[in-house]
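Notes for the one structure printed next.
We did not get these values from a lab; they are worked out from the coordinates using the rules stated. Note that the structure is a prediction, hence the values are computed from the model and not measured. Glycine also receives a Cβ, built like all others from the backbone with ideal geometry; neighbour counts cover every protein chain displayed.
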Amino acid sequence: MQLALDTSTDTASIAIVQDTQVLAELSWHCQQSHTTELLPRLFQLLGQAKARLEMVSAIIVARGPGSFNGLRVGISTAKGLALSLGCPIIGISTLETAAYPHAETGLPICPVFSAGRGEIATALYQLKRQKWCRLLAEHITTVEALCALIKSKTIFCGEITPEIAHQIKSRLKSRAIIISPTATLCRAVFLAEMGRKRLEAGQYDDLTTLQPLYLRRPPITQPKKRQRIISEPETN
């Protein structure tokens, strides 16, 4: 039995899968409450599946890019579970997970997530001769720069805001097929399916070296410099 966890965005998703059968799945809008909500939801899901945590034989986790807090919680929880259960762990790109449901179209698939500061996180995938390929690695860019790379009809998916969708469509016209955001919600079952295939191929991650894929360094507030107070010498 495999457990899939995706806490990389404000919409979290977890799933329990036995081979190709989905035993239970849960997705919810948690915003930045991953720390307090993930484990209670996990035990709720185990109850729905009539399963025990000890039955889990592999952990599959979304490794980003995404929310700094969400990724930290998801990866650390997945590592803790894998260590305590003594089972393999597999980390999969959030962008790849968003693209995977559209693989059978045969078209290039470009997942897009807002990265703030007027930028986007993206990559490019395609199913070629029944082999799932990454054509362009995960990176941060702008809509303008991304559109300059697109030369053929391409599927755009992910958490695309109306503004980003408008920019893509106005630049690429008929070359852009934009999937509705409601059809591209984060679902851990796709994460589980990709993880199962990697398990079958013996492609596990190292528990000690698996890290979130941030793409951008987390914002760190610089401490304020202390003012040096110089005492005036006393005068008689």
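Okay, here's what the table says:
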| quantity | calculated |
| --- | --- |
| Candidates Ala121, Ala148 - the one that is more than 29 Å from Gln31 (Cβ to Cβ) and aliphatic (A, V, I, L, M) | Ala148 |
| Single unsatisfied condition, Thr94 versus (1) without any contact (Cβ under 8 Å) to a residue 60 or more places away in the chain; (2) surrounded by 15 or more Cβ atoms within 10 Å (Cβ to Cβ); (3) closer than 22 Å to Ala201 by Cβ | (1) |
| Wholly enclosed helices (runs of 4 or more DSSP H) of the range 1-115 bearing at least 2 residues under 17 Å from Arg196 (Cα atoms) | 68-85, 94-99 |
| Any hit, the range 97-104, residues being surrounded by 20 or more Cβ atoms within 10 Å (Cβ to Cβ) and over 21 Å from Ala4 (Cα atoms) | no |
| Single match in Tyr100, Tyr125 (criterion: touching a Cys at 6+ places or on another chain (Cβ under 8 Å), aromatic (Phe, Trp, Tyr) and in contact (Cβ under 8 Å) with a residue 24 or more places away in the chain) | Tyr125 |
